[in-house]
Amino acid sequence: MNWIILIFAGLCEVGFAYCLGRSKAVSGYEWWTWIAAFAAFYVLSAVLLAKAIQTLPIGTAYPVWTGIGAIGAVLVGIFVFREPATFWLRYPPRDYQSRGFLPSF
């Protein structure tokens, strides 16, 4: 049961990322509505995480919670807000071996 609670906590994290994204495009009363929804999702996510770690180890629960939130926020950004998914095109990984940062095997 606490795994289900943990998954809902992660989804609430995705919900508050969505509300924060929606608040960027509006002003006035509608902005306050999205910020209130953001705060509600934020508190609910933390409360559900606290409930889940009563029986789950924090070393497992916290990474799962943040992973669900991070992956969900990226997917919401790409598919809902039409943000570009071009991070690796703009910031390619560097060859650390040729620069002497990593030993070659």
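Bear in mind that the values in this text are calculations on the coordinates, not laboratory data. It should be emphasised that the depicted structure is a prediction, and the values quoted were computed from it without experimental measurement. All Cβ positions, even for glycine, are placed from backbone atoms using ideal geometry, and neighbour counts span all protein chains on display.
Identify the residues of segment 58-89 with backbone N under 13 Å of a label point that sits 7 angstrom from the Cα of ILE35 along the Cα-to-Cβ direction, or state none.
none
Give me the percent relative contact order of segment 2-81, please, defined on Cα pairs under 8 angstrom at least 6 residues apart.
48
Pull out the extension gain between VAL47 and ALA85, defined as 0.36 nm times the separation in residues minus the alpha carbon to alpha carbon distance; nm, one decimal.
Values: separation 38, 0.36 × 38 = 13.68 nm, distance 3.17 nm.
Additional length available on full extension: 10.5 nm.
For segment 34-40, take each phi angle, set θ = phi - 60°, evaluate the Karplus expression 6.51 cos²θ - 1.76 cosθ + 1.60, and give the result in whole Hz per residue in order, putting x for glycine and proline.
Once θ is set to phi - 60°, the couplings for segment 34-40 become 5, 5, 5, 5, 4, 5, 5 Hz.
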